[in-house]
Amino acid sequence: MNIESMETFVILSENGNFTKTAELQYLVQSTISNRINELEKYVGKKLFVRNNKNVRLTKSGEAFLPYAKRMIMLKKDGIIKARSVGVYEDRLALGLVDSIYKGIISPIIKEYFLTFPSIAVKLKVNHSEEIIRLLGDGILDIGFVYTKFKSSKFEVIDFLEDEIILVTSPNNKIVIEEEIPYSDLIHLPLLYADLGEDFFEWLSKLFGNSPLLKLSVDEPSYVIDFVKEGFGYAFVTKSAVNNELKYGELIHVKIKDSIPPKRQIYMLINKNKKNSIAIKSWLGIINAR
């Protein structure tokens, strides 16, 4: 099994077309077919269901896909690591959720850049589950996530409790009050972003487990854009909107008789790499703040 076959497998799984896959890889279609056939022989299972025009993954193909992606990532990471030897003293591989990066970790990374110019930095932005998987594979050194994951491979640190607040925009055409009762939330055009199970349970006491909301998204940064345009109200982490609050682009609406749960951020450290120069330098900056 070679890495080129796995790269072809991943690309074909994404577009479902042999011709398009060949074009994307600058290869003839017969080469694409041969690579997939060889990979299926090696795995011992059919990875695709084929028809006249398109292909789709079999159950075995779906199971194999995340491992193929991680093997490709390991290859790329290994090459980058090897090339950095002699150029940089060390390299720090950080994984983090987008909302954690923007509001909290970005200024720390900039300080790290200035303080340790001889250490290279790799950033991987993804959801918590993928960051944890990449830490387990040794691709990442440190991860910042919302999930407290217990593993003998990681040291888990309670990094920060981020406040969840209700915000709206001065552009909102609905009458804006500085403070409202919890029970009035159900009457607002609420734009919902996933802020974890504790927050969902808190909101469900009023809305029920299947609330009908004006907008519902997984990524909080999307909902912030809608709120800034005046489309409604949203609960967000305070760190994600500090600048918007400072410059008056958003307004913090307080809730009189209830407090949303805070969102815990965890720092996961790969124990096998904890003694590296890069991680020791990072922890030095964290501890000094």
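The numbered conditions (1) aliphatic (A, V, I, L, M); (2) free of Cβ contacts under 8 Å to residues at least 24 places away in the same chain; (3) surrounded by 17 or more Cβ atoms within 10 Å (Cβ to Cβ) are all true for I186 except (3).
Restricting F235, F231 to residues that are surrounded by 14 or more Cβ atoms within 10 Å (Cβ to Cβ), modelled with pLDDT under 90 and not in a helix (DSSP H, G or I) narrows the list to F231. Look at (1) touching a His at 6+ places or on another chain (Cβ under 8 Å); (2) under 20 Å from K110 (Cβ atoms); (3) not small (G, A, S) and you find that L245 fails only one, number (2).
Of the residues making up segment 81-99, those that are modelled with pLDDT under 90 and surrounded by 13 or more Cβ atoms within 10 Å (Cβ to Cβ) are K81, S84, Y88, E89, D90, R91, V97, D98, S99.
For segment 131-171, residues that are surrounded by fewer than 20 Cβ atoms within 10 Å (Cβ to Cβ), out of contact with any strand residue (DSSP E or B) (no Cβ under 6 Å at 6 or more places or on another chain) and more than 17 Å from V97 (Cβ to Cβ) total 8. The residue of segment 199-211 that is nearest to Y146 (Cα to Cα), among those that are in contact (Cβ under 8 Å) with a residue 12 or more places away in the chain and surrounded by 14 or more Cβ atoms within 10 Å (Cβ to Cβ), is F199.
In segment 110-130, the qualifying residues are those that are of a type in the set (D, E, K, R) and under 15 Å from the mean Cα position of the chain (by Cα), and the one that is surrounded by the most Cβ atoms within 10 Å (Cβ to Cβ) is E130.
The residues listed here are L123, L134, L92; of these, the one that is part of a strand (DSSP E or B), closer than 23 Å to R263 by Cβ and not charged (D, E, K, R) is L123.
Of the residues F9, F18, the single one that is within 19 Å of K75 (Cα to Cα) and buried (at least 16 other Cβ atoms within 10 Å of the Cβ) is F9.
Give S258, S281, S221 a once-over and let me know the one that is in contact (Cβ under 8 Å) with a residue 24 or more places away in the chain, in a loop (DSSP other than H, G, I, E, B) and polar (S, T, N, Q). Exactly one of S258, S281, S221 is in contact (Cβ under 8 Å) with a residue 24 or more places away in the chain, in a loop (DSSP other than H, G, I, E, B) and polar (S, T, N, Q), namely S258. Only a single item in (1) modelled with pLDDT of 90 or more; (2) touching a Phe, Trp or Tyr at 6+ places or on another chain (Cβ under 6 Å) is not met by K148, and it is number (1).
Within segment 150-204, being in a loop (DSSP other than H, G, I, E, B), touching a Ser or Thr at 6+ places or on another chain (Cβ under 8 Å) and under 21 Å from H127 (Cβ atoms) holds for one residue alone: L195. Would you confirm, using the coordinates I've provided, whether L250 is at pLDDT below 90 and either more than 30 Å from I119 (Cβ to Cβ) or of a type outside the set (D, E) (or both)? When the stated conditions are applied, L250 does not pass them.
When D194 is tested against the conditions (1) at pLDDT below 90; (2) crowded, with 17+ Cβ neighbours inside 10 Å; (3) in contact with a helix residue (DSSP H, G or I) (Cβ under 9 Å, 6 or more places away or on another chain), the lone failure is (2).
Here are some residues: R35, R56. Which one is outside any helix (DSSP H, G or I), in contact (Cβ under 8 Å) with a residue 12 or more places away in the chain and outside the structural domain of T147 (by TED's automatic domain parsing)? Being outside any helix (DSSP H, G or I), in contact (Cβ under 8 Å) with a residue 12 or more places away in the chain and outside the structural domain of T147 (by TED's automatic domain parsing) holds for just one of R35, R56, which is R56.
The values are calculated or read from the model by the stated rules, or taken from the named source; none is laboratory data. Remember, it's a predicted structure, so these values are computed and weren't measured experimentally. Please note: Cβ atoms are built from the backbone with ideal geometry, for glycine as well, and neighbour counts cover all protein chains shown.
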